[in-house]
Structure formats: structure tokens, C-alpha cells
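Some notes on the structure that comes next.
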Amino acid sequence: MCGRLTQYHGIHDFVAALSMPNPLINNVGDQPLECYNAAPSTQLALFHQEDGYLHADRVRWGWRPHWARDRAAPINARVEKVAHGPFFREIWPHRAIIAINSWFEWVDEGGPRKQPYLIRRRDRAAILCAAIGRYPSAEHGPSEQDGFVIITADSEGGMVDIHDRRPVTLSPALAREWLDPATPQARAEHMALLQGEPTQAFEWFKVDRAVGNVRNQGPGLIEPMEEGPVSGRLF
């Protein structure tokens, strides 16, 4: 998964996609998020559950343990290693959902510059990505140590040869189970490894190269170029 995504709906739209009955503690605000080109280190709306409440907080995309300050903070965690490797051991128990509208990938098509593609759900519903992180909780308020990573899986050759990794996305029912602190860690690992949404749920198309500049924002970045959306090939 390349490091760029969109999160432009309002937080209540994403809550509706989760279909959670829990009362919401909203530290994000009620206005549309309007983030059309989010890069690593961006503060994004992240969901987690605590004491029966659904929390929405702005948390930095990217995290590393305190002993790894000599390297850049990863933004993704490989599902094959995340549950048992030492790097993410501290945050593996702290599950979250990052609800997004789409994400971007860049493809080498033989030209002078790579071609960006936007990937979204075919039904335009929110994409509920499995994540883990350190975020504000009853134990501590906002901190410089806060951050999150998106769990990614092998794309089995790439989505239309776009990329070899993709976010682990969950159905609303599985996303609610993922967020529930009572869900055993073994069950969470099983969901991430084996129960992500299928390729057929998505479509993808070329977009303007202006998305390559992180300073560019706006709905024009997610409009398709001349070809229509593509879907149906295997990851």
C-alpha cells in the first residue's frame, strides 16, 4: 500500500458505516474532514472503543516504539508479522479502525512518471481499515508518542499490478468485533489474516498526477481520467 489516502466525509458518516450502537465521544468535530490527499504523519480521524464508548480522535498516521527512534515511523504493519513481531508488540492489543473513502497507488506504465490510481469500494461505501496504535485513552491524554499504523496483507501479485500490498479492510460486523476490547487477540489475528474483504468489493481508475504533490487537495484529485473504473481481477 502506498502512503496516500482520502478521508473527506464527516465523522458521523463513518459512524453510520460502522453501525455501532455505542455512544460516541467525538474529538474530531462535526464538519466534513475534506482530506483528499493524506500523507504519512497527517492527523487523521481514528476510531477506537473504550469503556463502552466509541471514540473518534485525530491521531498521527505513523508509529514506532520508543527504542526505534533511529528509523522512520512505519505507516503500515504486515499482517503476517504484526501479532508476533517485537516492533509492534506494544500496540498490537490496541486495535482501531481508520475509516477512509479511498486510497492511491502509483504504477510504472513506462512513461517518465508513474501513473496514480485511486482505489475505492464499488458501492462507494466507507472503507474500514484494520489498524493498531497508541491513542488518547483513560490512561493518558494526547501525547507525542501517539500514532497508528494500517495493517496490510499480500495482494497476491497486485491489484491490476498496482501494488503487492493492500490494507486489510473489514465488513462493518467484523470492524465492530475488531474494535471490541473483549475480542481475544487470537480472534483478531484470525480476522486480519483470513477475513478481509475480497477484491470484488473494489474498483480503481487513473487520476490526475497532481495528487503526487501532497500540498494539493480538493475533490478534483479523486475524479477519474478518460478510462472508466476497473474491477474484477484478483489481487
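A few remarks follow.
- The single residue among Asp70, Asp57 that is at pLDDT 95 or above and either out of contact with any strand residue (DSSP E or B) (no Cβ under 8 Å at 6 or more places or on another chain) or assigned to a strand (DSSP E or B) (or both) turns out to be Asp57.
- Matching residues in segment 156-196 - criterion: being modelled with pLDDT of 95 or more, of a type in the set (Asp, Glu) and part of a helix (DSSP H, G or I): Glu177, Glu189
- Residue among Ile91, Ile150, Ile127, Ile132 that alone is within 27 Å of Met225 (Cα to Cα) and open to solvent by less than 50 Å² (accessible area, probe 1.4 Å): Ile127
- Condition check for Ala138: open to solvent by 60 Å² or more (accessible area, probe 1.4 Å), of a type in the set (A, V, I, L, M, F, W, C) and modelled with pLDDT under 95: yes
- Selection from segment 106-121 of residues that are charged (D, E, K, R), surrounded by 16 or more Cβ atoms within 10 Å (Cβ to Cβ) and at pLDDT below 90: none
- Conditions (1) among the aromatic types (Phe, Trp, Tyr); (2) touching a residue at least 12 places away in the same chain (Cβ under 8 Å); (3) more than 19 Å from Pro184 (Cα to Cα); number of the one not met by Phe88: (3)
- Residues in segment 197-230 that are within 20 Å of the chain's Cα centre (by Cα) and at pLDDT below 90 were compared, and the one that is least open to solvent (accessible area, probe 1.4 Å) is Thr199.
- Picking from residues in segment 33-59 that are open to solvent by 70 Å² or more (accessible area, probe 1.4 Å) and in contact (Cβ under 8 Å) with a residue 24 or more places away in the chain, the one that is farthest from Pro224 (Cα to Cα) is Asp51.
- Residue count, segment 6-23 (criterion: more than 20 Å from Ala173 (Cβ to Cβ) and touching a Phe, Trp or Tyr at 6+ places or on another chain (Cβ under 7 Å)): 2
- Filtered residue count, segment 46-89, keeping only those that are within 16 Å of Ala130 (Cα to Cα) and of a type outside the set (Lys, Arg): 21
The values are calculated or read from the model by the stated rules, or taken from the named source; none is laboratory data. All values reported here derive from a predicted model rather than from experimental measurement. Neighbour counts are summed over all protein chains in view; Cβ atoms, including those assigned to glycine, are modelled from backbone coordinates with ideal geometry. Side chains included, ligands, DNA and RNA excluded: accessible areas come from the protein's heavy atoms. Shrake-Rupley method; radii C 1.70, N 1.55, O 1.52, S 1.80 Å.
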